[in-house]
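Heads up, the thing below is written out as structure tokens.
The values are calculated or read from the model by the stated rules, or taken from the named source; none is laboratory data. Predicted, not measured: the structure shown is a model, and the values here were computed from it. Because the Cβ atoms are built from the backbone with ideal geometry, glycine has one as well, and the counts that use them run over all protein chains shown.
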């Protein structure tokens, strides 16, 4: 926890006021194992299934898991960038999984249609686009300790071990390459 100090001057005396800044935390700690979970896949090799990304790919790959609890329009550039990484990486050793957390609690059949259209618009062939029912779902977001109040939580992993974490990654101004340096 960080502290921020302000100096307040008045005509009578000098006051130093200490405020605690509560950084929003989200997600498992770096060094933790990425647990099993079963999102619904709308794109990628497992489209139409509830395949566990970590069970099927995690132990033999490196990659990213992006938990998104925000407007998808904010992620188009980043997802296009990540899809492009498959041209420079070995697709059998590198994976990217997007988990849309359904912050508006949309009905599943409508959400499937919306997300499928989004994945098609971006022509996501290798980035696995998935969703869960709710940002507070205990069996998915809960096992990853995702804070439902943050916009996104991004994990980099190597052979199922979390090696780096980003919280509220700014998709409009941050360098996407920072996601790949782990």
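A few comments on the model shown:
- Breaking point among (1) within 18 Å of residue 149 (Cα to Cα); (2) in a strand (DSSP E or B), for residue 95: (1)
- So residue 51, is it surrounded by 17 or more Cβ atoms within 10 Å (Cβ to Cβ), without any contact (Cβ under 8 Å) to a residue 40 or more places away in the chain and closer than 17 Å to residue 118 by Cα: no
- Which listed residue is over 29 Å from residue 178 (Cβ atoms), at pLDDT 95 or above and surrounded by 14 or more Cβ atoms within 10 Å (Cβ to Cβ), from 115, 111: 111
- Residue count for region 131-178 satisfying the condition of being part of a loop (DSSP other than H, G, I, E, B), buried (at least 17 other Cβ atoms within 10 Å of the Cβ) and in contact with a helix residue (DSSP H, G or I) (Cβ under 9 Å, 6 or more places away or on another chain): 5.
- Among the residues of region 59-84, the ones that are touching a strand residue (DSSP E or B) at 6+ places or on another chain (Cβ under 7 Å) and either part of a strand (DSSP E or B) or within 16 Å of residue 181 (Cα to Cα) (or both) come to 9 in all.
- Residue within region 96-106 that is without any contact (Cβ under 8 Å) to a residue 12 or more places away in the chain, more than 16 Å from the chain's Cα centre (by Cα), more than 16 Å from residue 43 (Cα to Cα) and surrounded by fewer than 21 Cβ atoms within 10 Å (Cβ to Cβ) present: yes
- Among the residues listed as 102, 116, 126, the single one being closer than 16 Å to residue 39 by Cα, in contact with a helix residue (DSSP H, G or I) (Cβ under 7 Å, 6 or more places away or on another chain) and not in a strand (DSSP E or B): 102
So that you can scan it fast, the table gives a plain yes or no per residue for (1) under 25 Å from residue 129 (Cα atoms); (2) modelled with pLDDT under 95; (3) assigned to a strand (DSSP E or B):
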| site | (1), (2), (3) |
| --- | --- |
| 18 | no, yes, yes |
| 24 | no, yes, no |
| 31 | yes, no, no |
| 44 | yes, yes, no |
